Amino acid sequence: MKNLPATAVIREVGLRDGLQSIATILPTARKCEWVSRAYAAGQREIEVGSFVPPKLLPQLADTAEVLAYAQTLPGLVASVLVPNLKGAERALDANADLMLLPLSASHAHSLANLRKTPDEVVDEMRRIRAARDASGKKTLIEGGVGTAFGCALQGEVKHSEVLRLMQALLDAGADRVSLADTVGYADPRSVSDLFEQALRIAGGAFCCGHFHDTRGLALANVYAALQLGVTRFDASLAGIGGCPHAPGASGNAATEDLAFMLEASGVRTGMDLPLLLDLRQQLVHWLDGEPTHGTLWRAGLPKTFHSQP
Ligand code: ZN
């Protein structure tokens, strides 16, 4: 395809974004098997969990153990989500490659979920950057602006506000920034509009698009961002995850579907699709009874598909 990047990275977020919204607690050994098999399938960036209090998210209580395992795999970038300075200190102690501080551009969503205004989260970013610099650690800091396309509580979130907060995160010391459509409100046109402006502001510090498939547009939205030159996307195996305001709704873009779309379009991901589909089947078995999503698994790869070596 013309105007598409030659390569793209799929960052697996199923172990965090997916599992946090599923009641089943996946045992640590199975999470490590997931990480190991995703690595074997070519995945090189994995968000392994979140340093939130275990009381809030018992599903992710073993994040430090899963991170320690992920760090044994050469060349794997293992990241964690951190909600605040306390979480960031744990990520620094554990030598995570990357920590992601989420900020919700919707004031209503931010207050409901983080009990902070977006600008208070910017202040937290400043404290986290100071802690990182004082620690001498190499852990990268990503500021992720969520509800970037609107939110179920507040409705409209203005692009100007999203961009203001993204700039504020960079000014507060984020090494890089990303945008997330937390509730599946984005469409290809709004992605084109917002991402173009975000790229103009952040340049090379703009690192990732995170789309939910709540309304079936996750892959279309990825494609719109891809055409602007964005080369990293979050996704979760079997599309696990969901939308807190829409029970039963789809979760993140499905890793296997996204890898298929990219490879079929000539964008190299380094992923082995048959191995990924095997792992998906295993995960669905582990999560017996939980909703899973995605499309590729139903009919498998087309006979005409050849992943480029
Ligand atoms: Zn998400």
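Brief remarks follow.
For every residue, the table says whether it meets (1) more than 15 Å from the ligand (Cβ to nearest atom); (2) closer than 23 Å to Glu256 by Cα; (3) in contact (Cβ under 8 Å) with a residue 60 or more places away in the chain; (4) not charged (D, E, K, R).
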site: Arg16; (1), (2), (3), (4): no, yes, yes, no
site: Leu19; (1), (2), (3), (4): no, yes, yes, yes
site: Arg30; (1), (2), (3), (4): yes, yes, yes, no
site: Trp34; (1), (2), (3), (4): yes, yes, yes, yes
site: Arg44; (1), (2), (3), (4): yes, yes, yes, no
site: Leu76; (1), (2), (3), (4): yes, yes, no, yes
site: Ser79; (1), (2), (3), (4): no, yes, yes, yes
site: Pro83; (1), (2), (3), (4): no, no, no, yes
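- If the condition is being closer than 13 Å to Gly239 by Cα and open to solvent by 30 Å² or more (accessible area, probe 1.4 Å), then the stretch 199-213 contributes only Asp213.
- Any chance Ala225 is closer than 21 Å to Gly144 by Cβ and either away from the ligand (no atom under 16 Å from the Cβ) or assigned to a loop (DSSP other than H, G, I, E, B) (or both): no
- Counted residues, the stretch 140-156 - those being away from the ligand (no atom under 16 Å from the Cβ) and in contact with a Leu (Cβ under 6 Å, 6 or more places away or on another chain): 1
- Unique match (being assigned to a loop (DSSP other than H, G, I, E, B) and farther than 26 Å from Ala224 by Cβ) among Leu73, Leu92: Leu73
- Residue in the stretch 8-31 that is least open to solvent (accessible area, probe 1.4 Å), counting only those that are over 22 Å from Gly144 (Cα atoms) and out of contact with any Asp or Glu (no Cβ under 8 Å at 6 or more places or on another chain): Leu26
- Within the stretch 170-195, residues that are farther than 16 Å from Gly251 by Cα and open to solvent by 10 Å² or more (accessible area, probe 1.4 Å) reach partners that are within 16 Å of the ligand (Cβ to nearest atom) and among the aromatic types (Phe, Trp, Tyr) with beta carbons closer than 6 Å, at six or more positions or on different chains, in the pairs Ser190/Phe149.
- Candidates Ala78, Ala68, Ala64: the one that is more than 26 Å from Asp119 (Cα to Cα), hydrophobic (A, V, I, L, M, F, W, C) and part of a strand (DSSP E or B) is Ala78.
- Residue list for the stretch 264-309, filter: open to solvent by less than 60 Å² (accessible area, probe 1.4 Å), in contact (Cβ under 8 Å) with a residue 60 or more places away in the chain and farther than 27 Å from Thr231 by Cα: Gln282, Trp286, Leu287, Glu290
- Residue match in the stretch 234-249 (condition: in contact with a Cys (Cβ under 8 Å, 6 or more places away or on another chain) and within 16 Å of the ligand (Cβ to nearest atom)): yes
- If the condition is being over 15 Å from Leu219 (Cβ atoms) and not in a loop (DSSP other than H, G, I, E, B), then the stretch 286-296 contributes only Trp286.
- Subset of the stretch 157-200 (residues that are of a type in the set (Asp, Glu) and either within 16 Å of the ligand (Cβ to nearest atom) or at pLDDT below 95 (or both)): Asp181
- Test: residue in the stretch 96-108 that is more than 16 Å from the ligand (Cβ to nearest atom), polar (S, T, N, Q) and either more than 30 Å from Ala68 (Cα to Cα) or touching a residue at least 24 places away in the same chain (Cβ under 8 Å) (or both): no
- In the stretch 95-122, residue surrounded by the fewest Cβ atoms within 10 Å (Cβ to Cβ) [restricted to those that are outside any helix (DSSP H, G or I) and among the aliphatic types (A, V, I, L, M)]: Leu98
The values are calculated or read from the model by the stated rules, or taken from the named source; none is laboratory data. Since the structure is predicted, the reported quantities are computational estimates derived from the model, not experimental observations. Every residue, glycine among them, receives a Cβ derived from its backbone with ideal geometry; neighbour counts consider all protein chains shown. What goes into the accessible areas is simple: the full protein's heavy atoms, side chains included, and nothing from ligands, DNA or RNA. Shrake-Rupley method; radii C 1.70, N 1.55, O 1.52, S 1.80 Å.
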